Amino acid sequence: MSIDEYEEYTEPGAGPGRERRRSGASRGLQALSGAVAAGVVVLALVVVGTAYLGGRRGFPGPGGMSVGAHIVAAVAVVVAQWFADHRRGAVAVGGSIAVLLVTTLLLWTQWWG
């Protein structure tokens, strides 16, 4: 799908003259939250892999609480990003903001705390 096709998307059921396009700020926020969501998923995979290797090789790794928090956060940001990608208006912006808030909470409690 090219960028031109993406920008021409209209809401289902919208008639002529009732097209709803995303603003530049909304698209920028969606792109930022998409990159952050991808980073959280990769981070969760790294934490799960580290826990697995730590258990197999006998060195301390992240505990079950940390692994669980990363998995829950990864699922939450993927769901929130889906809403940001597939909805318009306040729901899309809310999905993007939810991705950023969940990521901040994860980093604050598991990495900076």
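The values are calculated or read from the model by the stated rules, or taken from the named source; none is laboratory data. Since this is a predicted model, take the numbers as computed values, not measurements. Cβ sites come from the backbone with ideal geometry, for glycine too, and all protein chains shown count toward neighbours. We work out accessible area using only protein heavy atoms, side chains counted, and drop any ligands, DNA or RNA first. Shrake-Rupley method; radii C 1.70, N 1.55, O 1.52, S 1.80 Å.
Can M1 be described as modelled with pLDDT of 90 or more and either surrounded by fewer than 12 Cβ atoms within 10 Å (Cβ to Cβ) or over 25 Å from W112 (Cβ atoms) (or both)?
In short, no.
Sort through G113, G28 and tell me the only one that's among the small types (G, A, S), assigned to a loop (DSSP other than H, G, I, E, B) and modelled with pLDDT under 95.
Values: G28 fails: assigned to a loop (DSSP other than H, G, I, E, B).
Within the list G113, G28, the selection yields G113.
Could you list all residues from segment 50-83 that are open to solvent by 70 Å² or more (accessible area, probe 1.4 Å) and under 17 Å from the mean Cα position of the chain (by Cα)?
Of everything in segment 50-83, those that are open to solvent by 70 Å² or more (accessible area, probe 1.4 Å) and under 17 Å from the mean Cα position of the chain (by Cα) turn out to be I71, V72, V75, V78, V79, W82, F83.
Restricting attention to segment 102-113, which residues are over 10 Å from the mean Cα position of the chain (by Cα) and either open to solvent by 70 Å² or more (accessible area, probe 1.4 Å) or in contact (Cβ under 8 Å) with a residue 40 or more places away in the chain (or both)? Step through it out loud before you land on a result.
Taking segment 102-113 first, the residues over 10 Å from the mean Cα position of the chain (by Cα) are 104-113.
Answer for segment 102-113, where residues must be over 10 Å from the mean Cα position of the chain (by Cα) and either open to solvent by 70 Å² or more (accessible area, probe 1.4 Å) or in contact (Cβ under 8 Å) with a residue 40 or more places away in the chain (or both): T104, L105, L106, W108, T109, Q110, W111, W112, G113.
Open to solvent by less than 60 Å² (accessible area, probe 1.4 Å) and farther than 19 Å from G113 by Cβ, is that true of G28?
Spelling it out, G28 is indeed open to solvent by less than 60 Å² (accessible area, probe 1.4 Å) and farther than 19 Å from G113 by Cβ.
Here's the yes/no breakdown for (1) over 14 Å from Q110 (Cα atoms); (2) in a helix (DSSP H, G or I); (3) without any contact (Cβ under 8 Å) to a residue 60 or more places away in the chain; (4) in contact with a Phe, Trp or Tyr (Cβ under 8 Å, 6 or more places away or on another chain):
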residue: G55; (1), (2), (3), (4): yes, yes, yes, no
residue: G68; (1), (2), (3), (4): no, yes, yes, no
residue: I71; (1), (2), (3), (4): no, yes, yes, no
residue: A74; (1), (2), (3), (4): no, yes, yes, no
residue: V79; (1), (2), (3), (4): yes, yes, yes, no
residue: W82; (1), (2), (3), (4): yes, yes, yes, no
residue: V93; (1), (2), (3), (4): yes, yes, no, no
